[in-house]
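Below is one structure, written out as structure tokens; the observations come after it.
The values are calculated or read from the model by the stated rules, or taken from the named source; none is laboratory data. Only a predicted model underlies this, so the values are computations on that prediction, with no experimental measurement involved. Cβ placement follows ideal geometry from the backbone for every residue including glycine, while neighbour counts extend to all protein chains displayed. In case anyone asks, the SASA skips ligands and DNA or RNA and just uses the protein heavy atoms, side chains included. Shrake-Rupley method; radii C 1.70, N 1.55, O 1.52, S 1.80 Å.
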Amino acid sequence: MGIRFTTTTSSTSVTVTDVGHGATEGSFVTFSNANTGNSSLNTKINNEFSITSVSDSSNYVITLSENADVSLTGAGSADAEYQINTGINIVVP
């Protein structure tokens with residue numbers, strides 16, 4: 001299936017569908033080669049994002065720097081590189 005995006009023109013929130021992504025809230029994802037059919041939105045998505053929330057093992061939310069330029073429902077594609085958050089770095093004396 002690959003990566004898909006759901007956006008609205010009046011929001012900076014983007015729901016990303018990537019089955020089995022394994023990411024957690026606060027993890028980072030970097031998108032490249034985005035293809036949404038809208039070059040301006042592609043440019044906004046081809047970036048690094050902190051994952052704002054995780055809905056389930058297939059969906060999470062990122063936040064764009066400005067509103068999306070087009071409304072999508074489970075459309076588009078991109079490559080994603082995940083930087084999985086390993087947890088809090090605590091040193092115990």
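One table, with the values for the structure above:
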| read-out | value |
| --- | --- |
| Test item: Cα-centred dipole of region 1-70, Lys/Arg +1 and Asp/Glu -1 on Cβ, debye | 120 |
| Accessible area per residue, Å², the chain with all protein chains present, probe 1.4 Å | 56 |
| In order through region 12-26: 3J(HN,Hα) via Karplus (6.51 cos²θ - 1.76 cosθ + 1.60), integer Hz, x for Gly, Pro | 8, 7, 10, 8, 10, 9, 8, 4, x, 4, x, 7, 10, 4, x |
| The chain, accessible surface, carbon-and-sulfur percent (1.4 angstrom probe) | 48 |
| The chain, relative contact order [Cα under 8 Å, separation at least 6], % | 41 |
| Karplus-derived HN-Hα couplings along region 76-81 (A = 6.51, B = -1.76, C = 1.60, θ = phi - 60°), whole Hz, x at Gly and Pro | x, 7, 5, 9, 10, 10 |
| For residue 19, solvent-accessible area (1.4 Å; no DNA, RNA or ligand), Å² | 100 |
| Two-decimal Rg/Rh across region 15-75, once Rg and the Kirkwood Rh are taken from alpha-carbon atoms | 0.94 |
